[in-house]
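Below is one structure, written out as structure tokens; the observations come after it.
Values in this text are rule-based calculations from the coordinates and carry no lab data. Remember, predicted model here, so these are calculated numbers, not experimental data. Neighbour counts run over all protein chains shown; Cβ positions are idealised from the backbone, glycine included.
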């Protein structure tokens, strides 16, 4: 595998150096992902990022972008449930892309046929076959770009090309979140604590009792966190805080 496409970049300068072009919204990433999907001769794509603030016990994969569509709405969760732990373990040890065969497709090449360019996940855990390209950016964030379809058998040069493009997609996705967060103040410890408890299902009175604060103060922290996260309500703020790794 070409190591240059998967090496860890540990700072924002590295992110800017590899950024393939400015993106203003997530919709700008879709044409690039569709082009990669066609290059891979795949039917669908999905982009996952790791959340959990680097704590192994809290790390998980969150689907950020996909085109499986309403008919296959459960595919993103099914994939994360089936292979999430294996992917999280893999990215800590290797940057080789991964391939698997779905329950109705045994057309992927066997382990020997994958050679040095891809590793194999357990087959048959989900109905669809696919490939997952890991991107490890150190403290900036990590993620995977996934392509699914029947009888996927890309040549080695295409694997390298897709891996390089996947790196740029994850960089640009993270840069969007980076710009949103740095545009406002960082969340304080109290705001994070209140959001975490709210995300756990606690109401303001319970959060106040837990943290030794007044209900008014708790609501003020939740309100300021909602504004900083550019959210319309508390529920959206919790969702964004999870996606950005503030809470789990």
Check: Shape call for the range 189-243 from the C-alpha gyration tensor, a ≥ b ≥ c root eigenvalues: rounded (a/c under 1.5), prolate (a/b greater than b/c) or oblate?
Finding: prolate
Check: If you rank 68, 100 by fewest surrounding Cβ atoms within 10 Å, what's the result?
Finding: 68, 100
Next item on the list: Can you tell me which of 193-204, 27-38 comes out highest on packing, and rank the rest after it, using the mean Cβ neighbours within 10 Å?
Entry: 193-204, 27-38
Note to self: I'd like the distance between the alpha-carbon centres of the range 57-80 and the range 200-222, rounded to an integer number of Å.
What the structure shows: 32 Å
Check: Counting other C-beta atoms within 10 Å, which of 23, 135, 47, 232 has the fewest, and how do the rest follow?
Finding: 232, 23, 47, 135
